[in-house]
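Working notes, beginning with the structure itself.
The values are calculated or read from the model by the stated rules, or taken from the named source; none is laboratory data. For clarity, every value in this text was computed on a predicted model and none was experimentally measured. FYI the Cβ positions are ideal-geometry reconstructions off the backbone, even for glycines, and counts take in every protein chain you see. The accessibility values were calculated without ligands, DNA or RNA, using every heavy atom of the protein model including side chains. Shrake-Rupley method; radii C 1.70, N 1.55, O 1.52, S 1.80 Å.
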Amino acid sequence: MRISIQTIVRGALMTGAVGVFLAISPLEVAAQDRMPMRIAVEGAFPPFNYLDANNKLQGFDIDIANALCEVGKFECEFIIEKWDDIIPNLVAGKYDSIISSMSMSLERRQKVAFTEKYYNSPSVFIARKDSAISDVSPAALSDKILGVTSSTAQESYANHLYPDMKKTVFRSSPELYKGLADGSVDIILEDKLAIYDWIANTKAGSCCEFKGPDLVDITYFGEGAGIALRLDDKERLARLNEALKSIKADGTYDMINAKYFPFSIQ
């Protein structure tokens with residue numbers, strides 16, 4: 001039998017009862033204190049964010065986001081978004097943040113605000129092991145076909161520093177890797193950590209290897225990956241930065257890091 005709180009209170013008043021306390025669950029109190037946050041992710045950038053066999057979001061970004069939601073007292077909802085639309089739709093208010101391995105380039109900083117970085121990774125060229133490519137300068141690659149992913153820092157870098165090189169633009173990282181493996185392109189430019197697992201731990205990736213030095217140009221690749229928010233979202237930005245500081249201090253970040261990489265990516 002269900003008795004409403006209103007009925008209990010009414011009965012207490014009618015009988016003159018005193019000392020009536022209404023128990024409220026700690027979870028209900030916590031929920032009231034939580035700030036809503038809709039989080040956009042691409043869902044196609046393993047091992048950082050991807051859909052598993054059960055169509056459930058997994059990856060480093062997702063684990064970090066969940067930890068930040070817990071520590072920062074956010075009520076979080078994940079939204080899968082196409083990469084090309086991810087910043088425009090953040091600005092339009094369709095969600096509140098982007099936790100999707102977004103590099104903090106100067107160009108992006110003009111459109112969105114970023115938290116402190118939550119990881120750092122250089123970009124790098126990758127080619128097949130049977131390729132004769134060793135020099136990755138613009139002159140040496142002038143007759144090759146370069147693969148990049150659409151609307152990424154790597155695409156911007158290639159367009160500006162390798163303007164004369166023929167390019168194939170792929171919609172997602174998995175498609176980019178497949179294009180390299182099947183010979184559709186001669187060489188690709190990608191985030192080093194993003195492609196690390198594919199090269200080190202998959203049969204398809206065993207075809208290929210890094211070429212040339214790590215690329216760390218701040219103009220194009222920024223100062224690491226950050227969480228993007230609207231420019232005027234000061235309160236959420238401050239709470240996320242505090243939460244990020246907390247998970248790094250209490251060891252949570254290190255545990256998530258170790259789950260995906262055998263080395264620190266801070």
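In this structure, is Leu193 of a type outside the set (S, T, N, Q), at pLDDT 95 or above, outside the structural domain of Ser105 (by the TED database) and in contact with a helix residue (DSSP H, G or I) (Cβ under 9 Å, 6 or more places away or on another chain)?
For Leu193, the condition - of a type outside the set (S, T, N, Q), at pLDDT 95 or above, outside the structural domain of Ser105 (by the TED database) and in contact with a helix residue (DSSP H, G or I) (Cβ under 9 Å, 6 or more places away or on another chain) - is not met.
Taking region 128-137 as the range and being under 30 Å from the mean Cα position of the chain (by Cα) and within 18 Å of Leu161 (Cα to Cα) as the test, the residues that pass are Val136, Ser137. The residue of region 213-251 that is most open to solvent (accessible area, probe 1.4 Å), among those that are in contact with an Asp or Glu (Cβ under 9 Å, 6 or more places away or on another chain) and polar (S, T, N, Q), is Thr219. Applying the condition of being aliphatic (A, V, I, L, M) and open to solvent by 10 Å² or more (accessible area, probe 1.4 Å) to region 84-103 and asking which residue is nearest to Arg230 (Cα to Cα) yields Val91.
Pairs are defined by a Cβ separation below 7 Å, a sequence spacing of at least 6 or placement on different chains, a first member in region 241-260 that is of a type in the set (Gly, Ala, Ser), and a second member that is open to solvent by 40 Å² or more (accessible area, probe 1.4 Å); the pairs so defined are Ala243/Val71; Ser246/Val71.
When Asp191, Asp182, Asp186 are checked against the criterion of being among the charged types (D, E, K, R) and surrounded by fewer than 17 Cβ atoms within 10 Å (Cβ to Cβ), Asp182 stands alone in meeting it. Restricted to region 44-119, the set of helices (runs of 4 or more DSSP H) holding at least 3 residues that are modelled with pLDDT of 95 or more and in contact with a Ser or Thr (Cβ under 8 Å, 6 or more places away or on another chain) comprises 60-71. Taking Ala158 as the residue in question, decide whether it is in a helix (DSSP H, G or I) and without any contact (Cβ under 8 Å) to a residue 24 or more places away in the chain. Criteria not met by Ala158. Of all residue pairs spaced 6 or more apart or on separate chains, those with beta-carbon atoms under 6 Å, a first member in region 62-83 that is closer than 21 Å to Glu235 by Cβ and a second member that is modelled with pLDDT under 95 and of a type outside the set (Lys, Arg) are Lys73/Asp33. For first residues located in region 113-125 and within 24 Å of Pro213 (Cβ to Cβ), partners that are assigned to a loop (DSSP other than H, G, I, E, B) and not charged (D, E, K, R) and lie 6+ apart or on another chain with Cβ distances below 6 Å form the pairs Lys117/Gly224; Tyr119/Ile265; Asn120/Gly224; Pro122/Val216; Phe125/Val136.
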